[in-house]
Amino acid sequence: MKPLRSAIVVATLVTLSTVVPAAASGTFAWSKAKQAALPAGARGLPSGYLPALSCVSAGNCEAGGSYTAASSFVEGLVLNEVNGTWTAPTTLVAPAGAATEPGMTVYGLSCGSLGNCSAVGSYQDGNTTIQAFVANEVGRKWLPAKEVTLPSNAVGTGQVALVRSVVCSSGGNCSAVGGYLDNNASTSRTVGFVTSEVGGSWQNATEIALTSSTNSNPYVTMNQIACASVGNCVAVGSFIDVNVVNEGLLVDQVNGVWGQGLTLTLPANASAYAGASVSEVACVKRAGCAVLGTFNTNTGAMEGLSATESKGKWSRAQELTMPSDAATNPHVFLYGYEGIACASVGNCSLGGQYKNSAGKFEGFLENENGGTWKRAVPLALPSGALEAGKNGGVVAISCPRVGNCRAGAAYLDGTNAYQALVVTESNGTWHRGTLVVLPGGATTVGVDGGVYAVVCVTTNTCTATGSYLRSSTMYEGFTLNS
């Protein structure tokens with residue numbers, strides 16, 4: 001859960017709720033976690049990394065990450081659920097010309113239709129250069145990955161490229177974002193790219209052009225992408241401007257055409273050195289999108305922000321209101337996985353982490369109801385818990401219906417060990433979290449484990465994936481179903 005921990009927040013919430021103070025957990029029930037099957041000889045998941053989950057229907061999901069093979073090489077991993085049964089895992093085949101030890105890392109995975117998905121990430125080629133890749137599944141068969149054709153200004157020797165996030169709106173039609181180094185005459189710059197798959201064919205990547213003046217090296221970071229329909233998407237991230245200030249970045253794709261990168265307009269109380277970033281985005285099908293991030297106020301506090309898009313126009317970002325026990329500087333933080341979900345336009349949910357007035361790290365849940373953000377509420381932990389902890393809090397949310405969401409989180413129990421937690425919202429009320437019972441009698445998810453992703457196809461049918469600590473050094477994956 002924590003390998004990509006960075007100082008950013010995310011996006012939107014539902015019917016604001018209250019958190020039930022009693023140990024109630026609603027009527028929603030999860031199964032016990034099951035250990036995810038890995039390829040023969042696998043030695044576990046490096047740093048517990050299992051970030052991606054996509055479901056096209058109840059019981060038909062695919063998850064992506066990486067595993068350590070018997071050779072100690074890191075390989076690309078896809079877990080496959082078919083009609084409610086998790087079947088044999090898939091090892092992604094590296095692109096032609098890959099190094100003997102390709103170090104394939106899957107950052108994102110999305111399925112446009114049953115058995116038709118795309119996985120994205122990075123690998124090392126035979127010249128020890130880090131390249132970006134896309135891999136397609138067609139008719140339930142994963143094809144060998146292919147290197148992304150970078151823009152013509154990409155540096156040759158010493159490249160460091162990756163695809164960070166992908167969304168497939170239908171089978172063979174996907175949009176993705178990433179970053180690479182260009183061949184600027186003075187020094188290579190870190191810039192962003194977009195690429196699309198149309199009718200099953202991936203197009204050459206194109207550089208993201210920015211409308212604002214940038215630093216000599218803009219250090220563009222692309223974090224996530226979401227799509228309202230085929231060819232209508234929003235990508236989010238950050239860049240450094242001409243004043244050496246970190247700015248939030250929005251990039252729109254309209255009818256298959258990518259526009260220039262826009263600078264997010266920050267709340268009125270933002271510092272001149274706001275250090276803003278947009279980490280997550282969620283879109284409502286055939287409607288609008290919402291984003292979330294973090295920024296520094298003029299008092300130096302790190303707060304959360306949100307903004308929405310309507311009819312192609314982005315609103316000014318507004319500050320999120322943290323729980324009433326928040327510290328003067330709540331150090332708002334979001335993990336940047338699936339911490340935002342929208343059931344309909346103006347009705348979204350998000351979760352993350354904040355610091356309270358006692359100096360403890362806690363999780364929070366915040367709801368947007370009819371376009372209005374409510375005050376966030378603390379994540380209610382099981383009896384005996386110490387706090388959410390620096391590596392805890394809310395990580396993933398799914399909202400199949402307004403006021404009815406599910407969340408995945410982590411916290412420190414009474415023995416100071418991290419545990420995984422699932423949380424239910426029913427009819428606008430967030431209930432106390434329920435401990436995930438780990439496979440094989442495991443006692444902790446460790447500092448890098450926990451629930452990475454939750455997808456609910458209906459209010460009663462959900463799938464979650466994550467990782468846990470099987471031994472002192474080995475992480476394994478787990479699956480969880482309702």
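Here is how the numbers come out for the structure above:
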item	result
Tally of residues being closer than 12 Å to Gly363 by Cβ and surrounded by fewer than 21 Cβ atoms within 10 Å (Cβ to Cβ) across segment 388-431	1
For Leu379: the one exception among (1) within 21 Å of Val281 (Cα to Cα); (2) crowded, with 24+ Cβ neighbours inside 10 Å	(1)
Cys168 surrounded by 15 or more Cβ atoms within 10 Å (Cβ to Cβ), under 18 Å from Tyr452 (Cβ atoms), under 24 Å from the mean Cα position of the chain (by Cα) and not aliphatic (A, V, I, L, M)	no
Pair list, Cβ under 9 Å, 6 or more apart: segment 192-216 residue on the phi < 0 side of the Ramachandran plot and of a type in the set (Phe, Trp, Tyr), other residue surrounded by fewer than 20 Cβ atoms within 10 Å (Cβ to Cβ) and not in a strand (DSSP E or B)	Phe193/Pro151; Trp202/Thr149
Residues of segment 232-271 that turn out to be modelled with pLDDT of 95 or more, assigned to a loop (DSSP other than H, G, I, E, B) and of a type in the set (Gly, Ala, Ser), as a count	2
Segment 304-318 residues that are at pLDDT 90 or above, paired with ones that are part of a loop (DSSP other than H, G, I, E, B) and among the β-branched types (Val, Ile, Thr) (beta carbon under 7 Å, 6 or more apart)	Gly304/Val9; Gly304/Val332; Ser306/Thr12; Arg316/Thr265; Ala317/Thr265
Filtered residues of segment 307-359 (kept if farther than 22 Å from Val284 by Cα, of a type outside the set (A, V, I, L, M) and part of a loop (DSSP other than H, G, I, E, B))	Thr321, Pro323, Ser324, Asp325, Thr328, Asn329, Pro330, His331, Ser357, Gly359
Single unsatisfied condition, Ala96 versus (1) over 22 Å from the mean Cα position of the chain (by Cα); (2) modelled with pLDDT under 95	(2)
Wholly enclosed strands (runs of 3 or more DSSP E) of segment 25-91 bearing at least 3 residues touching a residue at least 12 places away in the same chain (Cβ under 8 Å) and among the polar types (S, T, N, Q)	60-68
Test result for Arg43, surrounded by fewer than 24 Cβ atoms within 10 Å (Cβ to Cβ), at pLDDT below 90, closer than 25 Å to Val445 by Cα and of a type in the set (Lys, Arg)	no
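The values are calculated or read from the model by the stated rules, or taken from the named source; none is laboratory data. Because the structure is a prediction, the values reported are computed rather than measured. Don't worry about glycine lacking a Cβ; one is built from the backbone with ideal geometry, like all the others, and counts go over all protein chains shown.
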